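What follows is a short report on a single structure.
The values are calculated or read from the model by the stated rules, or taken from the named source; none is laboratory data. Please read these numbers as outputs of a predicted model, since none were measured by experiment. Backbone-built Cβ (ideal geometry, glycine too); neighbour counts: all protein chains shown. Please note that ligands, DNA and RNA were not included when accessible areas were found on the heavy atoms of the full protein model with its side chains. Shrake-Rupley method; radii C 1.70, N 1.55, O 1.52, S 1.80 Å.
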Amino acid sequence: MIKNFLTNRGGTPITPELRESLPDTFTNPFSYSPHPLCREAMMDVCSYLDSNSRISKLGLLGDGKMFGVLVAESPEGELGYLAAYSGVLDYLTVPSPLDMELGIGRVEEPFFVPPVYDLTSQESFFPEEEREITSLNDYINDLVHDSFAQGVSERMEEIREAYKAEIDSLQQKYEEGKAKRDALREAGAEGAELEALIKESQFQKGEIRRATKRMKEELEPYELEWNGHLQALESARKERREKSAALQKKIFDHFSFLNARGEERSLLKIFGDFVPPAGAGECAAPRLLQYAYLHGYKPIAMGEFWYGTEKLGRRNWEFYPSCKGKCGPILRHMLQGLKVDSTSFHTSYGCDPLPDKYTPEIIYEDEYLLAVNKPAGVLSVPGKDAAEKNMLQLLETAGASQDNAGGGTGGLTVVHRLDMHTSGILLFAKTEQVYKELQRQFLQRKVEKCYLAVLDGEVSPSRSGSGVIWDSDTPSLSEDGAFVGGDSLAGWVHSSGARGTISLPLAADYENRPLQCVDYSGGKLAITKFEVVSVAGGKSFVKFYPVTGRTHQLRAHAAHADGLNTPIEGDLLYGRLSQRLMLHAHTLKFEHPILGAMELVAPIPPNLPFPPQMHTQTRTK
C-alpha cells in the first residue's frame, strides 16, 4: 500500500541524509503549510486520477472530492505515502450497462486505503439492517396513503358535519327558548306559559343528548377502524425509530479509531454526550492515520487537497485544513502519542511585522471615538488564545484608552470587527452613548465601507455566477468569447469601470468551522456591491462595498461559484496560500454623533500591491 513517489511500487530506502531532511514534528491538520513531500505525493495521486479511465468513465468523482496523502515510514524503513479519499466513490451494487461494458460489478480502488469500517462490505451488518428499515419505511408509506383508511377518515368527517348541523340547530332553538324564559321571569310572569316553556326546554336538552348519542353510535365502528390504523402507524414509526437508533449506535460502535499509543476509542466515546455528525470518520485524514497505525507505518507529514471542479471556494490541487466539525474530535484522539507541530499556521500566517515597542497607527481620535489602522494578523478584540495579539490590548498598552474628557472610565469599546488577517480601519467608541449611536448606524446600514482586494484570477461576467448582477452598462461577451466593445479584459475594465452587486445568503458551515457557506434555504441575506478597478497578470483589483455585514461576507462572495468565482488572494479558508490575505478595509463613512458627517481613510500597507488608482487620500471631514 505504501508507494514510492515515482513508481508507486514499494518505498524509497531512508538514508541518513534523507532522514535528516524529514520534519521533526507531524502536521497540525488544522493549521499547516503542506510539506514538499506532501505536494509531491499529491501530484502523484492527481496523475493517477487523471489517467484512470474507470474513474473518469463512471463519473465517480462528481464535481470534485477531497483527497489526502500521508507521508510515512514503513516497518522496513522505507519512505513512501498513503492516499485516501473522503466519503465514497459511489460503490455500485447493481451493475449498470456501462459497468457490464467495463467488466465490473463493483467499484474497488486498491490505490487508496480502505474505509475505517466498510458499511457496504458483504460481511457488514449494515446492508441487511438497512433493508429492514427501508421495508419499514415502505410499510409506513403504505399506511399513510392507505385508501381504505382515508375512506374511513372521510366518512367520519361526513358524519360529524351532518350531526353538527343538527345539534347546532337544536342548540339555537334551546337558546331562543331560554331567552323567552328569562324575559318572562324579568316581567314577573308565572303560571302555564312559563311552565310550557320550561317543558319545551327540557325536551330540547333531551333532543341534543339523543342526537349526540346517535352520532357517537354511528361513529363508533369507524373510530374503532381508524384507531386501529393509527395504532399500527404509530407502532411502525416507533419500531423504525428504535431500529434506526440501534443501527446508528451499532455503526458508531464499529467506527473505532486508534492513536499512536495504540489506544482505541469508538465514535461514541470520542464525541461523548454528542451524537457524531453525519459522515464522521469518513474523511481522508482519519482513514490515513488508522491504516498507518494498523500496519505499523510511522506518520511523518500529512495534507488534504481538493481534486476536481472549483466548488465552494475549493480549488483544484490546493491543500486545505481538516474539517473541525467531523474530524476535530477524532483527530485530537488519533494524534495522541505523536509529536505534533504546535505552531498555529493560521495565527502566524500573513502577519504584518510589529516592532517590540509597537505604537498603533491612529487615524483619528477625539474625546468621543478613536479609529486605528489595524495590521494584518492582529485580532480586533481578545480571542480564546491569550497569546494572540489583539488591537484593543495594543491600544491600551500604548495608553490610548485613557479616561475620556467626560469623566467616564469605560475605556474603548470596539464598534465593528475585522477578520484577523484583514488590515485596515477599525473604529472604537469612548463612551456608551457614542457606542450605541454608532452601533445603530451599522445595524441600519447607514455606514458606508470600502474594502480593497486583490483577487486570485481574472474577474469577468462569463466567470461569475448566478448571484452576481452586473450593472447594465457592463459589456457582454461575443460568441467567440471576446468582449463586445473591447478586445481584452483589461481594456474592458478600464473603458467601462465594471460594477455590479453580489447577493448570496450566508450561514455558518458547522461541520467546517469557521467557514461560511451559501445557504439558499436558511442563510441570512448578504449583499456586496463591487467595482473592478483593473485586471493584470492573472489578478483582479477590486473595490468591495458591503451593504450587509455577515461573517466572511467578502471572502465568501468572492470565492463562491455563484459569486465572483475568484477568491481573494491569500485567503487560507476560501482560496490558497500567498504572502497574506490581500484584503484591506480602506474607508469608512458615517455620522459622528457630535460632529456630523465623517469619512476616515486607512493608508494601504506597503505589502499590498494595489495600483495607484485604488489609493484614497487621508481625510476626516
Under 5 Å from the placed amide H of residue 529, counting only residues 5+ away or on other chains, we find 502, 545, 547
What is the dipole size for segment 242-318, taken about its Cα centre, with +1 at each Lys and Arg Cβ and -1 at each Asp and Glu Cβ, in debye to the nearest 20?
80
Please compute one quarter of the surface area of the Cα convex hull for segment 177-264 and express it in square nanometres.
12.9
Can you list, largest first and rounded to whole Å, the semi-axes you get for segment 500-621 by taking the square root of 5 times each eigenvalue of its Cα gyration tensor?
26, 20, 13
Cross-link candidates for residue 539: which aspartates and glutamates have Cα within less than 20 Å, leaving aside residues fewer than 8 places away along the same chain?
310, 318, 456, 458, 487, 531, 562, 569, 571
Reachable aspartates and glutamates from residue 298, criterion Cα separation under 14 angstrom, eight or more residues apart if same chain:
24, 73, 76, 78
Once the whole set of protein chains is in place, how much accessible area is left on residue 584, using a 1.4 Å probe, in Å² to the nearest 10?
0
Using Cα-only point scatterers and the Debye equation, what is log10 of I(q)/I(0) for segment 119-212 at each q in 0.15 Å⁻¹, rounded to two decimals?
-0.77
List the residues whose amide H sits under 5 Å from the amide H of residue 364, counting only those 5 or more places along or on another chain, with H placed 1.01 Å from N in the peptide plane.
371
Which far-off residues, 5 or more places away or on another chain, put their amide H under 5 Å from the one on residue 569, with H placed in the peptide plane?
454, 455, 456, 582
On a 1.4 Å probe surface of the protein chains, which of 520, 174 comes out largest in accessible area, and what is the full order?
520, 174
How much solvent-accessible surface does residue 271 expose, in Å² to the nearest 10, with a 1.4 Å probe and all protein chains in place?
30
Kindly identify segment 297-337 as rounded, prolate or oblate by the Cα gyration tensor criterion: order the square roots of the eigenvalues as a ≥ b ≥ c, call it rounded if a/c is under 1.5, otherwise compare a/b with b/c, prolate if a/b is larger, else oblate.
oblate
Those lysines that a straight Cα-Cα span of less than 26 Å connects to residue 249, excepting residues fewer than 8 apart in one chain
238, 269, 324, 326
Go through segment 246-289 and name the trypsin sites (Lys or Arg not before Pro) that are in a DSSP coil and have 16 or fewer other Cβ atoms within 10 Å of their Cβ.
261
